[in-house]
């Protein structure tokens, strides 16, 4: 039977929209399938997007896309129960085009991106659930949606970290809990003028916070991003840690929101929405086979995310991988050859770009970040140390080395400290 479409893209997140948009721009007959009511309706609401990949695909996209604030300041905070020790970086280069990063509300952003696919000539089918792949021998030739079969030359899986299609294509088995984290987030409303005064920003400027020490000693961290008239605050914790400790991610989020440092930043805010999402954190070792005959994998479905401890990136990986998959399929169309040998060029292209190269650079990060001292011992140690250094109570003072030695006693040895500092080379 003749293919109804040249390409079917399953999942209208960033990677799926990037693939479908790029294909449509090159005259490829593409169908973008989204199980939600519209692209973005099932997307986790807020996040931080590094702009370079989408700027390459849609130059100066921020002039038309529903972005929130460009991030001019990054703050890293180590939290104890009642204190915070923070390092702030304010970069003037981040305040000029092309911007380094923007905060976005993905529900709005992906709806816009889906409209760009349609404007480019692609077809978007929302409210449609893909149950399985359609096969001809060992080659994928379409998808099954309910009782209907839709045929295509290529299927691109962009259906998220727990992709059913990746499992169906047998390019990866069940994902391991150690390679996945759970992100929970609350978006709370604040007037723009309050955000500007409270966070010391002007116009479209924004701030991004990263928190360590807010996950009850479990592997993970927290974040806070300023939007135009809201703030996104959330916690990310490893699934394996949550299972092992029987902890509830919602309780971790409540503890972060009520921490003195965070509560002061969102005081008087109005709850708007709550969301949760699985996040790939297995690094390079968790990336599946990315291709087979008639089939490619992009974005979160491919495990394309990088957590270096300071930066959690996934959006730029998603956009870039979607665009690169489209590039390979466009070449396959020109050749009239959609075999695995042709589609395998996708992996070769990825190997030459930041997607695989950054994953390779931080390939040892997952092991380093499994160190529990990063999430309890060191945040407490630094906060206590800073408190002692700044407290003046009339008692005789110790020198800096004496204060450090006193705080470390019974918590971490000098040998362990040196080992952990050497382990940080993975970052």
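The values are calculated or read from the model by the stated rules, or taken from the named source; none is laboratory data. Quick caveat, the model's predicted, so the values are computed rather than measured. Here the Cβ is made from the backbone with ideal geometry for all residues, glycine too, and neighbour counts use every protein chain on show.
Quick check on the range 371-387. Is at least one of its residues closer than 30 Å to residue 294 by Cα and touching a helix residue (DSSP H, G or I) at 6+ places or on another chain (Cβ under 8 Å)? Among the residues of the range 371-387, not one is closer than 30 Å to residue 294 by Cα and touching a helix residue (DSSP H, G or I) at 6+ places or on another chain (Cβ under 8 Å), which makes the answer no.
From the list 184, 231, 188, 166, the lone residue that is closer than 26 Å to residue 251 by Cβ, touching a helix residue (DSSP H, G or I) at 6+ places or on another chain (Cβ under 6 Å) and in contact (Cβ under 8 Å) with a residue 12 or more places away in the chain is 184. The lone criterion from (1) under 24 Å from residue 374 (Cα atoms); (2) part of a helix (DSSP H, G or I); (3) in contact with a helix residue (DSSP H, G or I) (Cβ under 8 Å, 6 or more places away or on another chain) left unmet by residue 309 is number (2).
Of the numbered criteria (1) surrounded by fewer than 22 Cβ atoms within 10 Å (Cβ to Cβ); (2) in contact with a helix residue (DSSP H, G or I) (Cβ under 8 Å, 6 or more places away or on another chain); (3) assigned by TED's automatic domain parsing to the domain that holds residue 322, the one residue 148 fails is (2). Looking only at residues of the range 327-353 that are surrounded by fewer than 20 Cβ atoms within 10 Å (Cβ to Cβ) and in a loop (DSSP other than H, G, I, E, B), we find that the one that is nearest to the chain's Cα centre (by Cα) is 353.
Rundown of residues vs (1) over 19 Å from the mean Cα position of the chain (by Cα); (2) surrounded by fewer than 24 Cβ atoms within 10 Å (Cβ to Cβ); (3) over 23 Å from residue 41 (Cα atoms), yes/no style:
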| residue | (1), (2), (3) |
| --- | --- |
| 104 | no, no, no |
| 117 | yes, no, no |
| 121 | yes, yes, no |
| 154 | yes, no, yes |
| 162 | no, yes, no |
| 183 | no, yes, no |
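Residues that are at pLDDT 90 or above, out of contact with any strand residue (DSSP E or B) (no Cβ under 8 Å at 6 or more places or on another chain) and under 24 Å from residue 176 (Cα atoms) number at least 2 in the following helices (runs of 4 or more DSSP H) confined to the range 354-427: 354-361. For the range 396-418, state whether one or more residues are within 22 Å of residue 237 (Cα to Cα) and over 25 Å from the mean Cα position of the chain (by Cα). No; the residues of the range 396-418 include none that is within 22 Å of residue 237 (Cα to Cα) and over 25 Å from the mean Cα position of the chain (by Cα).
For residue 18, indicate whether it is in a helix (DSSP H, G or I), under 23 Å from residue 133 (Cβ atoms) and out of contact with any strand residue (DSSP E or B) (no Cβ under 9 Å at 6 or more places or on another chain). Yes. Quick check on the range 72-80. Is at least one of its residues in the same structural domain as residue 128 (by TED's automatic domain parsing) and crowded, with 23+ Cβ neighbours inside 10 Å? No, because not a single residue in the range 72-80 is in the same structural domain as residue 128 (by TED's automatic domain parsing) and crowded, with 23+ Cβ neighbours inside 10 Å.
Would you be able to say whether some residue in the range 195-206 is within 24 Å of residue 244 (Cβ to Cβ), more than 18 Å from the chain's Cα centre (by Cα), without any contact (Cβ under 8 Å) to a residue 12 or more places away in the chain and part of a loop (DSSP other than H, G, I, E, B)? No. Within the range 189-198, identify whether any single residue is closer than 26 Å to residue 272 by Cβ, buried (at least 19 other Cβ atoms within 10 Å of the Cβ) and modelled with pLDDT of 95 or more, and answer yes or no. Yes, the conditions are met somewhere in the range 189-198.
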